[in-house]
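Student: Quick one: the structure is below, and I'll ask about it shortly.
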């Protein structure tokens, strides 16, 4: 594992963190789960101390307390210049929403799911002459030293972009060379979270993946060891946009309730509400990118027959009937064994992308682009589940080749990037409390 991890670090140093062989290594190869996952110890060659992951340095700017509700301003167009809007956007996109009081658990939980709560992603606001890093631990912004002069001072309210970057080493300490896959997945979910919360607040946004634009925004601005992943542009407020119709009346409560279930995902075999399916379909239709497909193997959703459903034109259309359990257990395997209790899930979603087409167009960068596109959709699906009291577990324990065959994906063209198991979670052993600033 040490050699593979060093290879990842070398690729990052050379500006190529996503070589094309990652598709085979990180998506198709069913390697044994590293021993470090069982112990929680760092991967060989990686220290896990604070000096390798310091808090951002610079002048600190306190943020307003995050509001309990998410809604556009009543008497004005939404703007990041409004302290309440800025605080809400950052907190509900990637702030700390929950913490475990149980000793030995993963203590802090952000608004976006993360493999073993490693949280490699960072969120940075880019203003014309200033850069501000969000510190979710203290609910503050840190002014990074870059281009700030006395006669050209900018505040965070002047920000035009939010940049998502990733510290691969933070995840590689536990997952070794598998870290790029997990980092790319999380960056996509964060991108989706920013767009979702911005829409609820009445902000107009454009999500971007263009590499030249991304590197131009980040040049000289990011700390050493971070790789740019994606960005969200905040557009001028020419009008107040209408939030997506599927959003719950109280999105903030749904975001606070979102979780991935207990450490061992073993849901109660209860049917999901009838409305979940339409809300999930509408959520996927509102994703910032459209270059993905979603297949749903449905077992128990009230009012819907079990079978294979495909997302199309904002709806789930049934393309196959019958109990999908056999297919679920054939797909959901790691090293020859079923990776979770699919017999108790309400449904399992598979988000697929056209890998071959993207590789032909973007080369190795297709890995980053498609994981971000699929990740944004995956987060919206998780939020739709949370609205109905369901937990959604993003789990990479699946056989990609078998998924392509059983789901009827185009051979050699499409592949699954996300498996999302959804169900009614049983009470866990951990005692989780909300984070209040």
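Student: Provide the gained length on full extension for the span residue 338 to residue 326, in nm with one decimal, where the gain is 0.36 nm per separating residue minus the Cα-Cα distance.
Tutor: 3.2 nm
Student: To continue, here is another question. To one decimal place, what Kirkwood hydrodynamic radius in Å is obtained for the stretch 135-241 from all pairs of distinct Cα atoms?
Tutor: Value: 15.6 Å, from the Cα pair sum.
Student: Students often check this: by mean Cβ neighbours within 10 Å, which of 343-352, 373-382 ranks highest, and how do the rest follow?
Tutor: Packing order, densest peptide first, comes out as 373-382, 343-352.
Student: For Cα extents along the principal axes in Å, which listed value, [x] 56, 55, 47; [y] 123, 64, 45; [z] 68, 54, 48, comes from the coordinates shown?
Tutor: [z]
Student: Sort the following peptides by mean Cβ neighbour count (other Cβ atoms within 10 Å, averaged over residues), highest first: 316-322, 157-163.
Tutor: Result, highest mean Cβ count within 10 Å first: 157-163, 316-322.
Student: Where Rh denotes the Kirkwood radius from the mean inverse Cα pair distance, what is Rg over Rh for the stretch 327-386?
Tutor: 1.07
Student: Can you sort 132, 342, 437 from fewest to most other Cβ atoms within 10 Å of each residue's own Cβ?
Tutor: In increasing order of surrounding Cβ atoms, one gets 437, 342, 132.
Student: On full extension of the chain, what length is gained from residue 317 through residue 405, given 0.36 nm per residue of separation minus the C-alpha to C-alpha distance?
Tutor: Contour length minus Cα-Cα distance gives 29.8 nm.
Student: Could you tell me the calculated FRET efficiency between residue 75 and residue 290, based on Cβ-Cβ distance and R0 = 45 angstrom, to the nearest 0.05?
Tutor: Efficiency at R0 = 45 Å is approximately 0.85.
Student: Between residue 116 and residue 235, take the C-beta separation as r, use R0 = 51 Å, and let me know the FRET efficiency to the nearest 0.05.
Tutor: Efficiency computed from Cβ-Cβ geometry: 0.90.
Student: Just to be sure I understand the model, the point goes 7 Å from the Cα along the line to the Cβ. What's the resulting residue 426 to residue 275 distance in nm?
Tutor: For the pair residue 426/residue 275, the computed spacing is 2.9 nm.
Student: What length, rounded to one decimal in nm, is gained on full extension from residue 21 through to residue 57, with 0.36 nm per residue of separation minus their alpha-carbon distance?
Tutor: Length difference between fully extended and current span is 9.3 nm.
Student: Mind sorting 432, 387, 224 by how few other Cβ atoms lie within 10 Å of their own Cβ, fewest first?
Tutor: Listed from fewest to most nearby Cβ atoms, that is 224, 432, 387.
Student: A further question on this structure: May I ask you to derive the FRET efficiency for residue 262 and residue 129 from their Cβ-Cβ distance with R0 = 35 Å, giving the value to the nearest 0.05?
Tutor: FRET efficiency, residue 262 to residue 129: 0.15.
Student: Sticking with this structure for a sec: What ranking of 417, 433 emerges when the number of other C-beta atoms within 10 Å of each C-beta is taken as an exposure proxy, fewest first?
Tutor: 433, 417
Student: How much mean residue ellipticity at 222 nm does the chain get from its helices, if each DSSP H run of length 4 or more adds -39500 (n - 2.57) and you divide by all residues, to the nearest 500 deg cm²/dmol?
Tutor: -9000 deg cm²/dmol
Student: Please compute the modelled spin-label separation between residue 310 and residue 250, points set 7 Å along Cα→Cβ, answer in nm with one decimal.
Tutor: 3.9 nm
Student: Just the Cα atoms of the stretch 192-235: what Rg and Dmax do they give in Å?
Tutor: Over the stretch 192-235's Cα set, Rg and Dmax evaluate to 11.9, 34 Å.
Student: Place the peptides 397-408, 205-216 in order of packing, highest mean first, counting for every residue the other Cβ atoms within 10 Å and averaging per peptide.
Tutor: Ranked from most to least packed, the peptides come out as 397-408, 205-216.
Student: Taking all pairs of distinct Cα atoms, average 1/r, flip it, and tell me the Kirkwood hydrodynamic radius of the stretch 251-423 in Å to one decimal place.
Tutor: Result for the stretch 251-423 stands at 16.1 Å.
Values in this text are rule-based calculations from the coordinates and carry no lab data. Keep in mind that this is a model prediction, so the values were computed, not measured. Every residue, glycine as well, gets a Cβ built from its backbone with ideal geometry; the counts of neighbours run over all protein chains shown.
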